[in-house]
Amino acid sequence: MMGEKVGAIIVPQPGSNPDPKDIRAFCKTLIADFKVPQYITFRKEPLPRNAGGKVLKPILRKETVWGEQLRG
């Protein structure tokens, strides 16, 4: 929607240490600038999914605000 900011929640492979700058640079080579995530957060646990395998986005939205995990 107009005026919204793009964010990404990434579950990195065990042992990897991805850099948000590298992720943004990679995205810029594939998608339009307005679609490149401005906020990136990393999760250690897998993304929550329903029985059909779809990601439960409302749960992620409650857990994450502007790319920063909510604390306590």
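Every number here is computed from the coordinates shown, using simple stated rules; none is lab data. Quick caveat, the model's predicted, so the values are computed rather than measured. All Cβ positions, even for glycine, are placed from backbone atoms using ideal geometry, and neighbour counts span all protein chains on display.
Here are some notes:
- Unit charges on C-beta of K, R, D, E only; dipole of the chain, Debye: 200
- Gaussian network model of the chain, Cα within-10 Å springs - most flexible of 59, 40, 23: 59
- The lysines within cross-link reach of residue 21, meaning a Cα-to-Cα straight distance under 27 Å and a gap of 8 or more places when in the same chain, are 5, 35, 44, 57, 62.
- Model label points for residue 35 and residue 60, set 7 angstrom from Cα along the Cα-to-Cβ axis, are 1.6 nm apart.
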